[in-house]
Amino acid sequence: MQEDLSWMLANILKVPGARHALLVSADGLKRGMTETLHPDLADRTAAAMSALQSISRSTAGFVGTEGESQWRQTVVEFDHGWLFLVAAGSGAYLAVSASTDVDMEGITFRMHQLVQSLGEEMTAPPREMADGT
């Protein structure tokens, strides 16, 4: 079973306007979340973030030469806030929600800083099947 990495995410909420942070595996499972996030919403959001990064990656050819453009982050604006999604190691993603008045540079800097400082801790290896394969 994967270690719960929630304790690492609390620092993100020090950015004024940051609401929630969620660490997600590539297969859509929650690896960690801030205390401000309800577990049911975290589970639904984890699955959605996995899909969102997949969609984002598949549009790389639209941005640049196919195979040369790599996805780095996705930012989505809503009426009441922002959603930020970044790669957090091989097979892991960090999602943060924030209010409309958040310092966008500050939140993305803090997210990338967290990803860099935690390195291997945030890498989500592929899940093993029940038979051990």
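The values are calculated or read from the model by the stated rules, or taken from the named source; none is laboratory data. Predicted, not measured: the structure shown is a model, and the values here were computed from it. Ideal geometry is used to build each Cβ from the backbone, glycine not excepted, and the neighbour counts take in all protein chains shown. Surface accessibility is based on the protein's heavy atoms, side chains included, excluding ligands, DNA and RNA. Shrake-Rupley method; radii C 1.70, N 1.55, O 1.52, S 1.80 Å.
Would you tally the net charge around I107, using a Cβ to Cβ cut-off of less than 14 Å, leaving I107 out, and scoring K and R as +1, D and E as -1?
For residues surrounding I107, the net value is -1.
Around H38, with a cut-off of 14 angstrom between Cβ atoms, what is the net charge of the other residues, counting Lys and Arg +1 and Asp and Glu -1?
0
Using each residue's phi in segment 12-25, evaluate 6.51 cos²θ - 1.76 cosθ + 1.60 at θ = phi - 60° and report the 3J(HN,Hα) Karplus result to the nearest Hz, with x for Gly and Pro.
Ordered by residue, 3J(HN,Hα) equals 4, 6, 6, 6, x, x, 5, 10, 9, 9, 9, 9, 10, 7 Hz.
With all protein chains present, calculate the accessible area of D43 using a 1.4 Å probe and round the result to the nearest 10 Å².
80
Can you give the Kirkwood hydrodynamic radius for segment 1-52, in Å, rounded to one decimal and based on Cα pairs?
When all Cα pairs of segment 1-52 are included, the Kirkwood radius is 11.1 Å.
Run the numbers for R57 and E77: contour at 0.36 nm per residue of separation, minus the present Cα-Cα distance, in nm.
Between R57 and E77, full extension yields an extra 5.4 nm.
Considering only protein heavy atoms, what is the solvent-accessible area of L13 at a probe of 1.4 Å, reported in Å² to the nearest 10?
Result for L13: roughly 50 Å² accessible.
Count the net charge of all other residues whose Cβ sits under 12 Å from the Cβ of L85, scoring Lys and Arg as +1 and Asp and Glu as -1.
Here the charged neighbours net out to +2.
Using a 10 Å cut-off on Cβ atoms, rank the peptides 69-80, 18-29 from the highest mean neighbour count down.
My ranking of the peptides, most packed first, is 18-29, 69-80.
Mind grabbing the accessible area of K30 for me, 1.4 Å probe, Å², rounded to tens?
Looks like 70 Å² after rounding.
On the Cα set of segment 34-89, report Rg and Dmax in Å, please.
13.4, 41
Report ³J(HN,Hα) in whole Hz for each residue of segment 70-86, in order, from the Karplus equation J = 6.51 cos²θ - 1.76 cosθ + 1.60 where θ = phi - 60°; Gly and Pro get x.
Listing the rounded values in order: 10, 5, 10, 7, 10, 10, 10, 9, 10, 4, 10, x, 10, 10, 10, 9, 10 Hz.
Take the Cα pairs of segment 1-109, get the Kirkwood Rh, then feed it into Stokes-Einstein at 25 °C and 0.890 mPa s and tell me D in µm²/s.
Taking Rh from Cα pairs, D becomes 172 µm²/s.
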